[in-house]
Structures are given as C-alpha cells and as structure tokens.
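Shown next, in structure tokens, is the structure this report addresses.
All of the numbers you see were taken from the coordinates with simple rules; none came from a lab. Note that this is a predicted model, so its numbers are computed, not measured. In this analysis, Cβ positions are derived from the backbone assuming ideal geometry, glycine residues included, and neighbour counts consider all displayed protein chains.
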Amino acid sequence: MAKDIAGLEGRRRGIQSVEIGLRILKTMAGLGTSAPLGAIAQACGMASPQVHRYLQSLLVEGMAQQDPKSGRYDLGPAALSLGLATLARADAFKMADEAVREFSRETGLTVQMAALGPLGPTIVRWIMGRPPVLTSFNVGTVLPLTGSATGQVFLAFMPEEETEGLLKQEKREASLDDASISGIRTAVRSRGFGCVEGDMVPGLRATAYPIFDLQGRIPLTATVLQPSRPTLHGILDGVPEMAELCLALSRELGWSGDLPG
C-alpha cells in the first residue's frame, strides 16, 4: 500500500514537472525574443532559481538555448522541430505544399514556404526550380521581418502585437525607427506582396505572397526566388501566377477578403 502511494506521488511530481517545463517554454515563446533569466522568471510568476533548474534540463534536451556571451535564453532547435512537425500535420500546410510544388514544376521557379514561428519567419519548405537557385538558406532558416520579402508579408498582414516582440531586436540591430517600419507595412499592404532585391542575397530577387485562412491569419507565405532584374521607374512588379495561386489557396481555406492589385 505504501509503495503504491509513493509511486502515485512520484508520478504526480513527474507530471507537475512536465507542466512547469511547458509553462516556461510557452512563456519564452510569448516573449517573442531572447530574454535573461530574471525576465523569464518574472513572466512565469516563478522564482529565478526554480526557473534556472528547469532551463538547465531544457538546454540539455535542446528545447532551449543560451547565448554564451549575453547569457540570454531562447527557444532551442528541438522546440523549432516540434513546431515544424506540428505544422506538417496541418491541412493548410499539406494543401499549399502540393499546390506550390505543382507550380514549381510547371514554371521552373524556385519557391520557399515559411511560417511565423517563435523565433521569426521560418522556412518550412524549399522547392528547387530549374535552373536551381543556390543560397545558404534552407528549411529551418529564420528570416528577418523587415529585411526579407517573407518577413515583410508577416509584418504587414499579421496583428502588430504578434510581431512586436520580434521587432524589438531587429530595430536595435538594424537601427530602424517606427516610421521606417510603418513605411514597409504600408508599401506591402498597398501592392499585396513583399519584395526585396539583393538585400538578403546579392543578385537575387524575392517576391513573397500571403496565404490567408478563414480567420484572416497567415499560416504560410510563398516566396518566389529569381535572378534580379531592372525595375521600371523603381516600380516592383510581382509574380501574377503566384499571386493567383495564393489567392486560390486562401479561398480554399475560407478567406473571403481581397488584396490590392
């Protein structure tokens, strides 16, 4: 009897430990950027020594990572893998994956698909065209919100409170002010797509389109990668075929809104 009670209490403690670990991970995801131990503990409503013990276990399992210079903590590669695995099971992802692969086969264009993860816009598919576009980016690469076409789409069309945390660090690193960010949002919303020319990779143009769901959120973006080409009077032209495809996918997911263009 005593052994049974002791075993039950042990299982309860184990379950509670899992719940606390998940609570810390959710808090870190909600912060939107790396944070020191004290900030994480405060956001969790827990004592710093207790949070520190859990973080050490999360570090070992790859669910968290720590910057060796600043000591700040962030979500780790294992957390990213879990997020990507969850996304892979979503109907929106499967639907878009098939359609974009068919688009690439028909047009020969290279396309990457991305989702907004806890660390930022994250590449979840890289579909190589003909001829292939070779870069250092791959599945799992996290892109900037302001400096990439993919990121600009999330920045423009996702609720601002959901990108605010990610923006703080970028604003510091790129010396961006609120007016510059507002200008990016306005430009992308007015034309319906994000586009950068040689900013991420010299000689490469990236043109990104949103895929909306029933609630008007963006589970995915689709970005066409092509060699840079001259613009007429500085006007960025899009990729009409991809615009049509993403709109069709959005309609299939229940979105009834309209985009410019």
Exercise. For the chain, modelled as a GNM with alpha-carbon contacts under 10 angstrom, which of Gly120, Gly32, Gly203 fluctuates the most?
Worked result: Gly203
For this session: In nm, give the distance between the simple-model label positions of Arg23 and Asp199, each being 7 Å from the Cα along the Cα-to-Cβ direction.
Result: 4.0 nm
Exercise. Given only helices, namely DSSP H runs of n ≥ 4 each adding -39500 (n - 2.57), what is the per-residue ellipticity at 222 nm of the chain, to the nearest 500 deg cm²/dmol?
Worked result: -16500 deg cm²/dmol
Exercise. Which whole-Hz couplings ³J(HN,Hα) result when phi for each residue of the range 61-72 is put into the Karplus expression 6.51 cos²θ - 1.76 cosθ + 1.60, θ = phi - 60°, listed in order with x for Gly and Pro?
Worked result: 8, x, 7, 9, 9, 10, 6, x, 8, 8, x, 6
Exercise. Could you name the aspartates and glutamates in cross-link range of Lys168, using Cα to Cα under 19 Å and dropping any fewer than eight places away on the same chain?
Worked result: Asp67, Asp74, Glu160, Asp177, Asp178
For this session: Just order 45-55, 171-181 by mean Cβ neighbour count inside 10 Å, highest at the front, would you?
Result: 45-55, 171-181
Exercise. Farthest toward the dipole's positive end in the chain, which of Val224, Leu116, Pro159, given Cβ charges of +1 (Lys, Arg) and -1 (Asp, Glu) about the Cα centre?
Worked result: Leu116
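Given a Förster distance of 41 angstrom, what is the FRET efficiency for Glu241 paired with Val60, based on the Cβ-Cβ distance and rounded to 0.05? Write out the running numbers ahead of the final one.
Values: r = 47 Å, r/R0 = 1.15.
With R0 = 41 Å, the Cβ-Cβ based efficiency is 0.30.
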Exercise. Taking the simple approach of a point 7 Å from Cα along Cα-to-Cβ for both Arg251 and Arg172, what is their distance in nm?
Worked result: 4.6 nm
